[in-house]
Amino acid sequence: MAATPLARAWLRLHLHLGLASSTVTAYGRALEDFLRFCRASDTPPEEVSRAHLAAYMRELATRPNARSGRGRSGARLANATLQQRLTAVRLFYDYLVKEGVRVTNPVGRGRYTPGRGSGGAGGRGDERAERGLLPRYYTLPWLPSDDEWRAVLEAARAEPLRNRLMLALAYDAGLRREELCRLETGDVDPSARLLRIRAETTKGRRERVVPYSAATGDLYAAYLPERRALGQLGYARGPRGPLFLSASRRNRGRPITRWTWSKVVAAVARRAGVLRFSTHTPRHLCLTDLARAGWELHEIAQFAGHRDHKTTLRYIHLSGRDLAAKLERGMAALHSWRVQLTAQVLA
């Protein structure tokens with residue numbers, strides 16, 4: 001990135017446009033990886049063809065997954081990781097086209113359609129235009145079993161009060177890591193047990209208000225004296241400001257970062273023996289439980305802050321709610337038919 005002025009300009013543009021810092025960092029890492037491949041293949045990024053990109057995708061698909069030793073299934077990079085890398089490259093070449101550096105984008109915006117052709121005349125060229133460089137797999141998020149969830153909660157009992165409150169809020173309100181860590185004292189309404197998730201902290205830049213449980217409210221009330229004492233150090237602007245502050249010697253009184261929270265959750269997961277548990281797992285579990293409880297699609301989407309209802313549908317499918325209801329109705333009808341048939345034959 002540092003040696004490529006166009007790449008630096010592209011990344012700086014996204015930063016100035018106000019994209020989340022985590023998104024800009026992910027774009028930068030993905031493009032850095034692609035530029036390394038270009039250098040290794042002695043191909044300037046301005047001259048990359050679709051064939052070069054296909055070779056890059058093949059190299060990524062065969063690359064070992066460094067995280068596979070931490071409970072992840074498989075030894076290769078996940079399809080979602082490959083899609084993220086390809087998206088960053090596509091956006092970079094969109095920028096080059098707009099700047100007049102290239103005429104076309106070698107990545108394109110095709111969609112992979114199973115069973116479609118890959119070339120030739122007679123209309124198959126149009127089908128080829130719909131095929132992307134990489135097939136997209138849609139998988140359901142992993143959820144802990146009831147025993148695994150209980151093990152995580154038992155392991156979290158040894159955590160400080162702040163961490164226990166954060167875990168409870170992450171589940172109750174279905175919060176993303178960024179949303180949780182950037183909560184402020186003014187976002188909490190203890191009288192109504194409501195949280196205001198500010199638009200600037202969300203992935204979709206959509207503000208929402210969500211409830212939390214009475215048990216979590218008790219944890220919040222117990223944490224307030226600790227938060228008040230840490231707030232006197234001045235880093236958090238007194239009694240107002242970030243809700244969750246560090247109690248460590250080095251960063252005492254400073255707002256905790258999302259990396260700190262990730263380390264806390266990873267430590268809890270190791271003690272519980274549930275290595276797949278992550279900072280996003282409580283959100284997945286919360287939304288799936290809402291689907292199991294019979295919430296409608298638009299209600300879950302509003303609660304979660306989803307811009308696209310297709311994202312919310314994953315939790316409906318994961319809960320098995322619709323399938324279970326259809327199976328119950330089908331079995332009832334089948335049973336009724338068999339009873340009638342038996343009565344007619346044996347009467």
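Can you bin the stretch 5-108 into rounded, prolate or oblate? Criterion: square roots of the alpha carbon gyration tensor eigenvalues sorted a ≥ b ≥ c, rounded for a/c under 1.5, prolate for a/b above b/c, oblate for the rest. Walk me through the numbers before you get to the answer.
Numbers: a/c = 2.29, a/b = 1.34, b/c = 1.70.
Oblate is the answer for the stretch 5-108, as a/c is 1.5 or above yet b/c matches or exceeds a/b.
Between THR25 and ARG12, how many nm apart are label points set 7 Å from Cα along the C-beta direction?
Placing both labels 7 Å beyond Cα along the Cβ direction yields 2.2 nm.
Any idea which of SER246, ALA269, ILE197 is furthest toward the positive side of the dipole for the stretch 147-303, if Lys and Arg beta-carbons carry +1 and Asp and Glu beta-carbons -1?
Going by the Cα projections, it comes out as SER246.
Under 20 Å Cα to Cα from LYS310, which aspartates and glutamates show up? Leave out anything in the same chain fewer than 8 places away.
Candidates past the 8-residue exclusion: GLU207, ASP289, GLU296, GLU299, ASP322.
What ³J(HN,Hα) values, in whole Hz, does the Karplus curve 6.51 cos²θ - 1.76 cosθ + 1.60 give for the stretch 212-223 when θ = phi - 60°, with x put for Gly and Pro?
In residue order, the calculated couplings are 9, 7, 5, 4, 5, x, 5, 4, 5, 4, 6, 7 Hz.
Amide H to amide H, which residues 5 or more places from ARG76 or on other chains are under 5 Å from it, using H placed in the peptide plane?
Excluding prolines and chain starts, which carry no amide H, the hits are ASN65.
With a ≥ b ≥ c taken as the square roots of the eigenvalues of the C-alpha gyration tensor of the stretch 152-275, please select rounded if a/c is under 1.5 and otherwise prolate if a/b is larger than b/c or oblate if it is not?
It comes out rounded by the Cα gyration axes.
Values quoted throughout were computed directly from the atomic coordinates according to the rules given, and no laboratory measurement underlies them. A quick note: this is a predicted structure, and the numbers were derived from the prediction, not measured. We place every Cβ from the backbone using ideal geometry, glycine too, and count neighbours over all the protein chains shown.
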